[in-house]
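Quick one: this structure, given as structure tokens, is what I'll be asking you about.
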Amino acid sequence: MSSERSPQEKKSVPERGQPPVKHPKRSPIRAIGRGVSRTALWTVGIILGLIVLLFIASFFVDEPMRKAMERSMNQKLSGYSVTLPKLHFQLIGLSVTLRDLTIRQKAHPEPPVAVIPRLHASLHWREILSGLLVSDFYFDHPRLHINLPQLREEARDPMPLKEKGWQEAALAIYPFQINLLRIGDGDIVYVDEDASRPIHISQLQFRASNIRNIHSKDRAYPSPIHAEAVIFEKGKGVLDGNADFLAEPYAGFHVLYKVEKVPLDDLHPLLARMADMTLKGGTLASEGEVEYAPKAKFVEVKDISIAGLHLDYTHTAAAAPKESAAKKNVKEAAKKASNNPDMVLKLDKFELVNSNLGLINKTKDPAYRIFVSGADFRVTNLSNHAEDGLAHAKLTGKFMGSGPAVATASFRPENKMADLSIDIAIENTDLTTMNDMLRAYGKFDVTRGEFAFYSQLRIKNNHIEGYVKPLLSNMKVYDPEQDREKSFFHKLYEMIVGGVAKLLESTKTSDVATQANISGEVGSASASVWQVLGKLFENAFVKAILPGFERGLARHAK
């Protein structure tokens with residue numbers, strides 16, 4: 001055999017004096033990788049190709065699915081219709097995305113009741129491990145818009161809103177029951193009679209999970225819920241708790257809530273229409289706990305605080321039927337709630353700070369306004385159960401913007417007639433601020449004077465005891481300069497009234513004082529305590545404030 005070495009072998013032999021050359025060893029893993037690389041690439045390619053084909057195929061499903069879904073939802077809904085311009089079904093992930101879903105009330109289709117720019121529904125994959133197929137719904141930037149005509153139409157409809165096919169319509173979107181419901185940046189708008197002042201809740205974030213009670217073993221409220229929103233542009237509200245969406249005959253929930261810095265101005269149109277109230281300003285903060293379910297009704301408001309409110313209640317002849325109906329409804333509701341073992345209503349603290357509270361009476365000519373300015377009003381321990389003890393209330397402020405006023409009250413609900421105790425003291429009020437009321441009831445006014453008022457009333461066991469005592473000081477009724485434009489008979493009447501007041505003055509003081517004592521049965525045990533008090537003050541207060549004045553003279557003053 002030849003001893004000659006090949007060129008390659010020669011290159012591998014090191015020169016004399018040089019270290020031997022080390023050849024790298026081939027990795028067995030790399031060798032295997034080279035052997036299967038083509039198979040792996042083909043497998044990956046086939047998978048990617050199938051994904052692309054499924055993705056493309058899903059677009060061909062979109063339009064038929066959209067038409068079928070829109071038709072099915074409209075068949076299932078009663079009194080409402082939907083339009084669905086766009087839909088995209090994703091076979092990978094088994095999800096469907098709806099675009100610009102719009103819901104309209106058939107009776108009042110404009111504006112739409114709801115517009116949902118994007119609704120994404122898919123399997124709730126996490127619960128597949130529990131062996132159940134349920135869905136996950138996400139509403140992205142939904143807008144709910146309701147106005148007064150739509151609300152009235154819903155109120156007239158004998159079919160309840162919850163029975164109008166909403167659950168069936170949701171199943172038409174996705175064939176599995178909802179278990180996770182989320183709302184991102186929702187918007188709720190209500191427009192009453194004044195379209196320029198809508199009631200607006202924005203940036204609503206809501207999450208409710210375990211709706212189908214998958215994990216509901218021993219928990220009374222198995223579904224966690226959370227919501228937060230901006231209220232009336234400036235306020236903030238947060239709600240946390242749990243719910244049982246499958247409770248019968250209606251869903252139950254137990255939550256803690258907190259709202260702060262909520263401006264109340266936007267409620268003016270609603271209050272003006274419903275209760276003839278004029279509301280300006282005011283900021284609300286409150287927190288509490290609410291449990292409402294078929295077997296539990298519990299509301300405990302820990303705190304309500306309202307600052308800077310201007311509120312007037314207007315009494316008119318035209319509003320009398322509405323007022324009577326409202327009083328009847330309040331009386332019935334109070335009767336049902338009073339000492340009801342199945343219902344607990346508690347208000348730990350209510351505060352009204354630096355506010356203006358007034359009553360405008362337009363049933364008289366001229367109309368007049370009685371008010372308390374700079375009012376601070378505080379109520380504590382108010383409950384619908386007598387066993388919780390007495391509720392206490394205190395009001396301080398300036399009567400007619402002039403005289404210091406203090407009123408205190410205690411109240412205990414009873415099954416028949418509530419126990420009530422009221423003390424009122426008003427002092428050093430400029431009498432000229434009450435001229436409209438004096439003209440309305442006595443057909444005269446004053447140029448100077450001071451007014452004071454004291455009263456104590458007690459109602460217990462359907463019996464009332466107390467007194468109403470006004471006090472007039474340094475009153476001057478007739479002024480030739482001020483009354484220059486008045487008729488001769490009106491001037492004569494005011495001079496006579498002034499003379500009567502002089503005759504009634506005590507020899508030691510320049511005060512005119514009378515006292516109307518009140519004693520007797522309140523009346524029907526089902527009568528409203530506040531209705532009784534209102535009648536009392538309307539009669540006793542007015543009659544006592546005009547002590548000895550001959551009202552019959554008023555007809556000669558015209």
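Hey, can you find the accessible area per residue of region 123-240 for me, probe 1.4 Å, expressed in square angstrom?
Ligands and nucleic acids excluded, the result is 55 Å² per residue.
Shifting gears a bit: Return the sequence-ordered ³J(HN,Hα) values of region 202-209 in whole Hz as given by the Karplus equation 6.51 cos²θ - 1.76 cosθ + 1.60 applied to θ = phi - 60°, using x for Gly and Pro.
Taking θ as phi minus 60°, the curve returns 10, 6, 6, 10, 9, 8, 10, 10 Hz for region 202-209.
Name the shape class, rounded, prolate or oblate, that the alpha-carbon gyration tensor gives for region 363-414, where a ≥ b ≥ c are the square roots of its eigenvalues, rounded holds for a/c under 1.5, and otherwise prolate holds if a/b is larger than b/c and oblate otherwise.
Cα axes put region 363-414 in the oblate bin.
So, one more: Under 15 Å from a point placed 7 Å out from the Cα of residue 155 along the Cα-to-Cβ direction: which residues of region 190-207 have their backbone N that close?
191-194
A follow-up question, please. Could you tally the net charge around residue 63, taking each other residue with its Cβ under 14 Å from the Cβ of residue 63, Lys/Arg +1 and Asp/Glu -1?
+3
Something else: If one computes the Cα centroid of region 151-182 and of region 232-278, what distance in Å separates the two points?
Taking the Cα centre of region 232-278 as reference, the centre of region 151-182 is 21 Å away.
May I ask you to give the percent of accessible area on region 120-222 that is carbon plus sulfur, with a probe radius of 1.4 Å?
On region 120-222, the fraction of accessible area on carbon and sulfur atoms equals 58 percent.
In the structure displayed, which of 364/476; 234/346; 164/280; 302/362; 234/295; 76/236 lie more than 32 Å apart, Cα to Cα?
With Cα atoms farther than 32 Å apart: 164/280; 302/362; 234/295; 76/236.
Could you order the peptides 125-131, 309-315 from most to least packed, using the average number of other C-beta atoms within 10 Å per residue?
Those peptides, ordered most packed to least, come out 309-315, 125-131.
Taking the full set of protein chains and a 1.4 angstrom probe, give the accessible area of residue 454 in square angstrom, rounded to the nearest 10.
Here the accessible area works out near 70 Å².
A further question follows. For region 151-255, taking Cα atoms only, what is the radius of gyration to one decimal and the Dmax to the nearest whole Å?
Rg and Dmax of region 151-255, Cα atoms, are 16.3, 50 Å.
Using the Cα gyration tensor of region 57-185, with a ≥ b ≥ c the square roots of its eigenvalues, what is the shape: rounded (a/c below 1.5), prolate (a/b larger than b/c) or oblate (neither)?
Judged from the Cα gyration tensor, region 57-185 comes out prolate (a/c at least 1.5, a/b above b/c).
Another question about this same structure. Which net charge results for the neighbourhood of residue 164, defined as the other residues with beta-carbon distances under 10 angstrom from its beta-carbon, given Lys and Arg at +1 and Asp and Glu at -1?
Taking every other residue near residue 164 into account, the sum is -2.
Quick check on packing: order 112-120, 191-199 by the mean number of other C-beta atoms within 10 Å, highest mean leading.
The most tightly packed comes first, giving 112-120, 191-199.
Something else about it: Taking the Cβ-Cβ separation of residue 94 and residue 423 as r and a Förster radius of 60 Å, what is the calculated FRET efficiency to the nearest 0.05?
That pair, residue 94 with residue 423, gives E of 0.25.
Summing +1 for each Lys or Arg and -1 for each Asp or Glu, what net charge is found among the other residues whose Cβ lies under 14 Å from the Cβ of residue 371?
0
If one computes the Cα centroid of region 393-444 and of region 341-383, what distance in Å separates the two points?
With region 393-444 and region 341-383 each reduced to a Cα centre, they are spaced 11 Å.
The values are calculated or read from the model by the stated rules, or taken from the named source; none is laboratory data. All values derive from a computational prediction rather than experimental measurement. Don't worry about glycine lacking a Cβ; one is built from the backbone with ideal geometry, like all the others, and counts go over all protein chains shown. Protein only, heavy atoms only, side chains kept; ligands, DNA and RNA dropped before computing areas. Shrake-Rupley method; radii C 1.70, N 1.55, O 1.52, S 1.80 Å.
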